[in-house]
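Where a number appears in this text, it was derived from the coordinates with a stated rule and is not lab data. On a predicted model such as this, the values are computed, not experimentally measured, just so you know. Neighbour counts are summed over all protein chains in view; Cβ atoms, including those assigned to glycine, are modelled from backbone coordinates with ideal geometry.
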Amino acid sequence: MKPETNHINAFDLNLQTDSIEKRIVERIFQAVIEQRLLPNTKLSESKLCQTFEVGRMHVRRALLLLSSQGIIDLQSNRGAFVASPDQNQASEVFEARLMIEPALIRTLTASIQPSQIDDLSHHINQEDLARQNNDRTNLIRLSGEFHVKLAEATGNTIITETVRQLVTKTSLIIGMFGSSSDAYYPDGEHQNLIDTIQKNDPDQAVAIMASLLKQMWAQINIATHNAKA
């Protein structure tokens, strides 16, 4: 059964979403990416209204948009919950990432600008600082944002939004099946990728990106296997 949405649909939201709903969506996206909101967490409308100091209509519109993107589940007579992907959905997310991200890296290698290299290098420095400080929350956020920044550098807004959604879903997957290990965010690999892009070596850059994603998926599978053992 479909939850009540006061006759608002996702298409309308794409046309009408205002800055209030965007702010709510962005904050919830960020909390999911940082794993401050874990799978199956209930999102209380009244608490969200209090947190954002807005009315229920703004909250409901934001929740509907998040639901249309697969980040939350709207359950009839129960409310909104952070999505909890199963293993088949998790596999599909990584299949999608392996189709999209290596391809965008090949494009980016031929078009990246020095200013974009500088921006990405600065971002990697922030990752290194978070790792040194054992700041796992920031490391999770920054590592995910690195992939989004690569997509942004292509200048294609559709690819950027797609990667952003996949990165957010990956955080849900790690929260659902992963461990507390930082093995999902390997030290030095992002810098290695940027160095290879800068050398204009598309084949090697594509291989590095594919390897990064496969390593992440392998770590999730290992954690899942260990949890069942």
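In percent, what relative contact order does the range 10-82 have, based on Cα pairs under 8 Å that are 6 or more apart in sequence?
38
Assuming R0 = 35 Å, what is the FRET efficiency of residue 210 and residue 22, from their Cβ-Cβ distance, to the nearest 0.05?
Computed FRET efficiency for residue 210 and residue 22: 0.60.
In the range 19-121, what trypsin sites (Lys or Arg not before Pro) fall in a loop by DSSP, with at most 10 other Cβ atoms inside 10 Å?
Details: sites: 22, 23, 27, 36, 42, 47, 56, 60, 61, 78, 97, 106; in loops: 36, 78.
Passing both the DSSP loop test and the Cβ count: 78.
Can you give me the distance in nm between label points at residue 53 and residue 126, each placed 7 Å from the Cα along the Cα-to-Cβ direction?
2.6
May I ask you to derive the relative contact order of the chain, considering only C-alpha pairs under 8 Å and at least 6 residues apart, and to give it as an integer percent?
The normalised contact order for the chain reaches 25 percent.
Write down the Kirkwood hydrodynamic radius of the range 118-179, to one decimal in angstroms, obtained as one divided by the mean of 1/r over all alpha carbon pairs.
After inverting the pairwise mean of 1/r, the radius is 12.3 Å.
Which value, in nm² and rounded to one decimal, describes the direction-averaged projected area of the C-alpha convex hull of the range 10-82?
4.5
Assuming R0 = 25 Å, what is the FRET efficiency of residue 110 and residue 191, from their Cβ-Cβ distance, to the nearest 0.05?
Efficiency, from the Cβ-Cβ distance: 0.80.
Which whole-number value in Å³ per residue fits the convex hull of the alpha carbons of the chain? Show your work: numbers first, answer last.
Numbers: hull volume 31.7 nm³, N = 229.
For the chain, the hull spanned by Cα atoms encloses 139 Å³ per residue.
List the pairs from 42/169; 22/42; 169/199; 22/47 whose alpha-carbon separation is above 26 Å, in the order I gave them.
The pairs that break the limit, which is 26 Å between Cα atoms, are 169/199.
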